[in-house]
Amino acid sequence: MLKILIVDDEVLERKALTKIINNSSENVMVIGEAPNGRKAIEMAREHKPDIIFMDIKMPGIDGVQAVKEIKSTDPGIRFIMVSAFNTFEYAKEVMQQGVKEYILKPSRIQDILESLQRVSAEIFEERKSMKEQQNLRENLDRAVSIAQKEWVSSLILNQVQDISFDHWGQLLGVEITSGYIMLFSLLPKEKGDLGLHEKQNFYLWLKDVMKTVVKKEEVMIGPMTDSQVPVLFLCKQMPDKVQFKTSAQAAIESLFSSFQKNQINADLRVGIGLPYSQGQELNKSYHEAVVALQQLLKTPNRKYLFSGKQGATELPSVSDVLEIEKKLLDGVRQGDLNQVMFIFDSFVNKLIANKGLRASAVKKSLDELFILLSRMLHDLGIQFEASLTIDEAEDSNGILEQGKSNLLKVVQHVQLWRNSHAKGMLHKAKEYIENHYADCITLEHVADYVELSPFYLSKLFKDRFGMTFIDYVTEIRIKQAKLEMVDSSKSLKEICYSVGYKDPNYFSRVFKKQTGLSPTEFRRETVS
């Protein structure tokens with residue numbers, strides 16, 4: 001709704017204009033009247049109107065002076081000048097201030113409304129354009145964020161072999177000569193697990209704070225896995241040891257300061273890998289950060305720890321390997337291929353660190369893993385006929401390739417099984433949406449509720465219903481809004497909020513796109 005201010009030294013003129021405008025459309029409303037230029041300046045500052053009907057000839061500060069003063073502090077306000085004087089000098093002065101509309105007294109109602117309509121249309125079009133640009137920026141940021149997650153994941157898994165820092169510099173538009181990885185870990189302050197809300201808040205905070213804290217380096221934030229987030233720092237110059245520690249330490253101290261102010265009910269720890277001058281070696285920095293974090297968690301009083309030296313490793317405990325096994329089984333159960341491949345790489349690295357590269361030891365561990373997998377599949381009622389036996393091989397690499405291949409077959413089979421059982425999961429998801437459509441509901445929330453990955457749930461919606469998750473939520477909300485419109489005692493604004501929208505204008509646009517009618521038109525046709 002557009003806010004209108006009427007400025008005229010004649011009270012009858014003000015009252016007449018106010019009545020005409022308020023009766024003309026639900027999109028405009030007079031929020032005040034001013035008898036002179038000085039009062040108009042004060043009210044413009046206080047009420048921030050969108051449009052001002054300004055009389056030119058007034059005692060004291062006239063309309064032209066008032067326009068200049070108001071424009072100097074709020075150039076976005078539009079003016080419609082009203083005057084009984086049809087002189088070129090008046091028109092010239094206000095045109096120099098960017099005023100396009102000029103109507104003469106006594107004014108016909110049609111002239112007033114046509115002038116108001118032109119200015120209103122210009123404002124709405126400008127807002128629409130700004131909204132589209134904002135949506136475009138948000139979509140671009142979202143796409144970049146997704147791409148960065150995939151990129152960091154690929155680096156950690158050592159799947160990016162054919163790209164150098166020169167290539168990265170060309171893609172990012174800056175010079176890149178080296179990089180390193182920090183691993184952020186969020187820990188509960190008390191016994192128990194962190195809730196989804198805490199994890200989401202932490203991840204959003206980390207994305208925002210990186211933009212303000214890190215100035216001299218490019219930053220890419222990876223996906224969150226079990227309350228841990230890898231962050232890739234790309235440097236313009238290869239720092240020496242002192243420069244690296246000084247720069248990283250300053251950034252971390254700022255991060256911890258912001259973390260405390262953000263009041264996230266958890267503790268934060270950071271393991272830091274060392275910088276490398278070759279893109280293909282960044283997975284080493286990641287594993288150094290993992291080792292540093294493991295050491296850090298055994299030292300309660302420290303908040304962050306640098307890796308001791310390049311390539312440094314520490315033998316993980318048997319419990320570490322078992323914990324990763326558990327995560328791997330959970331990823332298989334959810335049919336999340338990307339997550340499984342990501343965790344498998346960690347499993348292999350800990351396995352090698354614990355048992356070395358002896359082929360027999362690696363084979364034995366993988367055989368044990370697949371026995372656990374077979375048992376889990378049986379418990380889930382999933383029939384899997386293919387053999388998971390790993391053949392003898394001359395070296396560990398051959399055994400690991402067999403293991404990865406077998407794991408791939410299992411996950412793909414679980415995906416097929418889950419797809420055949422998707423009807424029940426989708427019913428559960430739909431039921432959740434129908435009960436929570438009025439809340440700030442997201443794909444991630446619903447996916448967590450039905451224990452599916454967001455990507456897989458989104459795919460199921462598209463495959464089964466021919467619409468996206470967002471389209472389905474919108475359909476439910478608009479359907480409920482139609483039902484509530486039958487109750488004439490409820491305002492459209494109340495209905496907007498009750499079905500999950502925070503912006504009445506956005507609700508109106510969505511409603512019209514879905515039904516072909518504005519909320520007002522729909523209510524008029526159905527209720528009457």
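The values are calculated or read from the model by the stated rules, or taken from the named source; none is laboratory data. Keep in mind it's a predicted model, so treat the numbers as computed, not measured. As a convention, Cβ positions derive from the backbone with ideal geometry for all residues, glycine included, and neighbour counts pool all protein chains shown. All accessible areas refer to the heavy atoms of the entire protein, side chains included, with ligands and DNA or RNA removed. Shrake-Rupley method; radii C 1.70, N 1.55, O 1.52, S 1.80 Å.
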Do we find a residue being at pLDDT 85 or above, touching a Phe, Trp or Tyr at 6+ places or on another chain (Cβ under 6 Å) and not in a helix (DSSP H, G or I) anywhere in the stretch 495-505? yes
Residues located in the stretch 235-265, provided they are modelled with pLDDT of 85 or more and under 22 Å from L204 (Cβ atoms): A251, I252, E253, S254, L255, F256, S257, S258, F259
Note down all Cβ pairs under 8 Å where the first residue falls in the stretch 240-256 and is more than 14 Å from K303 (Cβ to Cβ), the second is surrounded by fewer than 14 Cβ atoms within 10 Å (Cβ to Cβ), and they're at least six residues apart or on different chains. S247/K216
If you go through the stretch 470-491 one residue at a time, do you hit one that is over 22 Å from A429 (Cα atoms) and crowded, with 17+ Cβ neighbours inside 10 Å? yes
Working only within the stretch 286-335, note down all residues that are at pLDDT below 75, assigned to a helix (DSSP H, G or I) and either open to solvent by 40 Å² or more (accessible area, probe 1.4 Å) or small (G, A, S) (or both). V318, S319, D320, L322, E323
Of all helices (runs of 4 or more DSSP H) fully inside the stretch 1-111, the set with 2 or more residues that are among the polar types (S, T, N, Q) and free of Cβ contacts under 8 Å to residues at least 40 places away in the same chain is 11-22, 63-73
Could you say which residue among A481, A422, A447, A438 is among the hydrophobic types (A, V, I, L, M, F, W, C) and modelled with pLDDT under 80? A422
Report the residue count in the stretch 398-417 for those that are surrounded by fewer than 16 Cβ atoms within 10 Å (Cβ to Cβ), without any contact (Cβ under 8 Å) to a residue 60 or more places away in the chain and among the hydrophobic types (A, V, I, L, M, F, W, C). 1
